[in-house]
Amino acid sequence: MIRLTSLALLVLPAALLAAGPVVDPKTAKVDPETGVHWYDIRPLGVEGRGWADTKAPFDRLPAKAEKTARPPVWNLSRNSTGLCVRFVTDATTVHARWTVTSKNLALPHMPATGVSGLDLYVKTAAGRWQWVANGRPATETTTAQLATGLAAGEKEFLLYLPLYNGVSSVEIGLPKGTALKTADARPAERQAPIIFYGTSITQGGCASRPGMVHTAILGRKLDRSVINLGFSGNGTLDLDIAALMGEIDASVFVLDCLPNLNPVQVAERTEPFVKALRKAKPTTPILLVEDRSYANAPALPALAKRNADSRAAYKKAFDALVAGGDKNLHYLRGDNLIGDDGEGTVDGSHPTDLGFMRQADAFAEALKPLLAPKK
């Protein structure tokens, strides 16, 4: 067993917590030696899933997509990117046990904590999500004490699943005699998810832990459920993905595929994709996002040209769609997504945690007006 951290945090008073029904402790698996009660997270309500009819419990696309999606997209959709669970407990110690589907726990430029780990947050008295601990994968099945010494009283937690690995099971472990409750649903006006469709960057490469990808940061900032449809190397504006996205009642659709497209593909695919999505969702806001500027583009003119040419094709498609009558199409420029100091990526392309924080700030500024209540 891995012990990760011990801390005390100021948390919400019990009377202010949004908590649902108590999970029956009889549903837990009890460790006879430690008394820890192990609960499957699925009955708590896994967020970030757009479809219930999946081939495996933690897939991101419905089972039917195996027949329509390109094979690499289908395979990547089985990574648990963006999936998370909220829960309430009075436990002062929280454990986790999870099994990943690939033995490749890390990537050359991305740590195992982001690829295959868990990430735990708690809601403070100020209503802010505070990071608590990460679950560091040791092998295909890892058992870890995430945190101990937590403040007494009920606390609402948020647990993120791995970004670049799949999971076949995830359990929360709590001491005997402590309660586990589902978290209350968000208010009705904040229940429709934000859907992101994009590339390896959207999928979370190369965040140090699952809570640091910009989509997760935005979920906490905006208090929204987020569906992450990032497919590493394969965010290519495929029309079958447009059809699937159109099945979900989203608050906003975010299209961030330029890093996986050359300028010719941008010109060919943007308008058909948006029009296909519009057939299903005529009025839902759609945000077109330019590619981030390569961090080393100032030193490498070919990269700067790649950004410029892709953006010109994208903006031309956007202008044509608006001229054609699309009144709820919006545009976010890419030149300031990760900053201009060259320090926001691991390899010129994929953000570090710093780059993801900068992206989240830029996205939040663009999304807040689209999420504001209509007057």
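Readers should treat all values here as calculations from the given coordinates under stated rules, not as data from a laboratory. All values derive from a computational prediction rather than experimental measurement. Backbone-built Cβ (ideal geometry, glycine too); neighbour counts: all protein chains shown.
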*Members of segment 100-112 that are closer than 22 Å to Asp59 by Cβ, in contact (Cβ under 8 Å) with a residue 40 or more places away in the chain and surrounded by 16 or more Cβ atoms within 10 Å (Cβ to Cβ)*: Val100, Thr101, Leu105, Leu107, Met110
_Pull out all pairs, ordered by first then second residue, where Cβ-Cβ is under 8 Å, the residues are six or more apart or on different chains, the first lies in segment 138-155 and is at positive phi and surrounded by fewer than 19 Cβ atoms within 10 Å (Cβ to Cβ), and the second is assigned to a strand (DSSP E or B) and not aromatic (Phe, Trp, Tyr)._
Gly149/Ser6; Gly149/Thr93; Gly153/Val11
*asked:* Given the options Pro62, Pro111, Pro71, name the one that is more than 21 Å from Asp31 (Cα to Cα) and over 20 Å from the mean Cα position of the chain (by Cα).
replied: Pro71
*Quick one: Ser80 ticks every box in (1) in contact with a Pro (Cβ under 6 Å, 6 or more places away or on another chain); (2) of a type outside the set (A, V, I, L, M, F, W, C); (3) surrounded by fewer than 20 Cβ atoms within 10 Å (Cβ to Cβ) except a single one, so which number is it?*
(3)
*Scan the strands (runs of 3 or more DSSP E) fully inside segment 94-173 and keep the ones with 2 or more residues being farther than 27 Å from Gly35 by Cα.*
129-135
*Looking at segment 22-51, which of the residues that are of a type in the set (Lys, Arg) and outside any loop (DSSP other than H, G, I, E, B) is nearest to Asn79 (Cα to Cα)?*
Arg42
*asked:* Looking only at segment 195-215, how many residues end up being farther than 16 Å from Leu107 by Cα, touching a strand residue (DSSP E or B) at 6+ places or on another chain (Cβ under 7 Å) and aliphatic (A, V, I, L, M)?
replied: 1
*Sort out which residues of segment 178-190 are in contact (Cβ under 8 Å) with a residue 24 or more places away in the chain and over 20 Å from Tyr121 (Cβ atoms), and write them in order of number.*
Glu189
